Amino acid sequence: MDISGILQDRRRELGITLKDVAKIVGVSESTVQRWESGNIKNLRHDKIIKLAAALKTTPAYLMGWDPEGKTPSQIAREDAAIIDAYHRAPPEIQQAIQRILRD
């Protein structure tokens, strides 16, 4: 999927309007609509960063480089949950995990 489809899908997923996105990014509603329709294909990097913030995702997700689109805070929460599970695991499981990570 290209950036126009990603933008539109993500905006709809969040339930926000073109106007909402435009206000956050600092452009007109019609500009956002043209980004989503593919009429404007080249977005400046500063606009991609603002779009990512408006759409609660990452620039990498918008560009199609990160299909999961996880934000740094989501990744940190997942990492913390993994570490917590490791610490709660019995010693033999912890040792098995350590062997896997070493290999």
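Taking into account only those residues within the range 1-22 that are in contact (Cβ under 8 Å) with a residue 60 or more places away in the chain and out of contact with any Phe, Trp or Tyr (no Cβ under 9 Å at 6 or more places or on another chain), which is farthest from residue 43 (Cα to Cα)? Going through the qualifying residues, I end up with 1. Scanning the range 79-103 for residues that are surrounded by 10 or more Cβ atoms within 10 Å (Cβ to Cβ) and not hydrophobic (A, V, I, L, M, F, W, C) returns 79, 84, 86, 94, 95, 98.
Let's see how each residue does on (1) assigned by TED's automatic domain parsing to the domain that holds residue 7; (2) out of contact with any helix residue (DSSP H, G or I) (no Cβ under 7 Å at 6 or more places or on another chain); (3) at pLDDT 85 or above:
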{"residue": "25", "(1), (2), (3)": "yes, no, yes"}
{"residue": "31", "(1), (2), (3)": "yes, no, yes"}
{"residue": "34", "(1), (2), (3)": "yes, yes, yes"}
{"residue": "40", "(1), (2), (3)": "yes, no, yes"}
{"residue": "43", "(1), (2), (3)": "yes, no, yes"}
{"residue": "46", "(1), (2), (3)": "yes, yes, yes"}
{"residue": "58", "(1), (2), (3)": "yes, no, yes"}
{"residue": "64", "(1), (2), (3)": "yes, no, no"}
{"residue": "79", "(1), (2), (3)": "no, yes, yes"}
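Answer yes if at least one residue in the range 3-20 is among the small types (Gly, Ala, Ser), at positive phi and surrounded by 13 or more Cβ atoms within 10 Å (Cβ to Cβ), and no otherwise. No, because not a single residue in the range 3-20 is among the small types (Gly, Ala, Ser), at positive phi and surrounded by 13 or more Cβ atoms within 10 Å (Cβ to Cβ). When each of 20, 84 is tested for being acidic (Asp, Glu) and either within 30 Å of residue 98 (Cα to Cα) or touching a Lys or Arg at 6+ places or on another chain (Cβ under 6 Å) (or both), the lone residue that passes is 84.
The values are calculated or read from the model by the stated rules, or taken from the named source; none is laboratory data. The structure displayed is predicted, hence computed values, not measured ones. Every residue, glycine as well, gets a Cβ built from its backbone with ideal geometry; the counts of neighbours run over all protein chains shown.
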